[in-house]
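Accompanying notes for the structure given below.
What follows draws every value from the coordinates through simple rules; no lab data is involved. In this text the structure is predicted, and so the values were computed from the model without any measurement. Virtual Cβ from ideal backbone geometry, glycine too; neighbours counted across all protein chains shown.
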Amino acid sequence: MAPQIPRTQKLASRLRAGAEWVNERPDLMRTVRLMRDFLPGDAEFGDPYSTAGNEPTQLVGRRLWALNHSRWSAAGETGLAFLQVAEWVTRRDQARGEMTDVVIVFTDLVGFSSWALEVGDDRSIELLRRVGAVVEGCIEAHRGRLIKRLGDGVMAVFDEPGDAVEAMRESIRRVEDLHTDGYRPRMRAGLHVGQARRLGGDYLGVDVNVAARICEDAGEGEALISRPVLDRLEGTAVEVGGRRTVERPGVPEDLEVYVVSLDEARNGD
């Protein structure tokens, strides 16, 4: 005789089956998705880009994505709707998901990878800590926002080009004083102003890529700024020279870049 299944167990099984059926209903999914379009905040919140930061809403969003096996259900979309509004409430001053005009900065260290290969992880990481403290301190001191660390470099954004230029000039000068084990770190930087879309903890867009390519074209101890940055520096004491173009994929052929003079910053010490 087959064992009797308790009535409560049968009921629980039916409730789970009913919940799964409701959760996978395409019409409910569409209804919740449509509702999100009318809620404040980023209606696309939940994809890997929008949850790439370390804020509570982004951490929960990534966890929700994992629990749903990288696909969304009605319950998952409802959860994202709450997170969408929560993120808007806490960070609505930064207009997430919308295109915004910012000064975009990329930096890295020239020759660091070769030196790190020779001295090993311990010494190279120790130097990166020291460089990071200097560069990130300069960014903060000049009202910039660190977006992410990129190995031996960083990405940052500023509201004002003058602040970005001063932060980079100071960073380049101070990083040169951190020489160790026969290696004198030389930083380079690329600055560009344009439109970027903030998603999660990152900024994305064509102008972000342009800024990165400008940095790659800079020489050691050099800060390059694009013509749009220079145009916004009119009336300031910033001196530039060495006009050239950046011949790299993703950069407009007619985009002019200029080398920022570091002498003025030294004279101000």
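Note on region 99-267: antiparallel DSSP beta bridges, both residues inside, total approximately 90 percent of the bridges counted.
Length available on full extension from residue 220 to residue 174: 0.36 nm per residue minus the Cα-Cα distance, which gives 15.2 nm. For 198, 63, the sequence from fewest to most other C-beta atoms within 10 Å is 63, 198.
Subtracting the Cα-Cα distance of residue 110 and residue 232 from 0.36 nm times their residue separation leaves 41.1 nm of extension gain.
Each principal axis of the Cα cloud of region 99-267 was evaluated for its coordinate range; sorted largest first, these ranges are 41, 40, 32 Å. As a rough footprinting exposure proxy, the listed residues 47, 254, 101 were ranked by other beta carbons within 10 Å of their own, and the order from fewest upward is 254, 101, 47. Once the Cα-Cα distance is subtracted from the 0.36 nm per residue extended length, the residue 146 to residue 101 segment shows a gain of 14.6 nm.
3J(HN,Hα) along region 180-195, derived from phi through the Karplus expression 6.51 cos²θ - 1.76 cosθ + 1.60 where θ = phi - 60°, amounts to 7, 6, x, 10, 9, x, 10, 8, 10, 8, x, 10, 8, 10, x, 8 Hz, with x in place of Gly and Pro. Here's how it looks for residue 150: its modeled amide H is under 5 Å from those of 155, which are all 5 or more places away or on a different chain.
By the count of other C-beta atoms within 10 Å, a proxy for reagent exposure, 225, 172 are ordered fewest to most as 172, 225.
The relative contact order of region 177-267, computed from alpha carbon pairs under 8 Å that lie at least 6 residues apart in sequence, is 26 percent. Distance between the modelled labels on residue 130 and residue 247, one decimal in nanometres: 3.8 nm (7 Å Cα→Cβ projection). Restriction of the GluC sites (Glu not before Pro) in region 126-228 to DSSP coil positions whose beta-carbon has at most 14 other beta-carbons within 10 angstrom yields 220.
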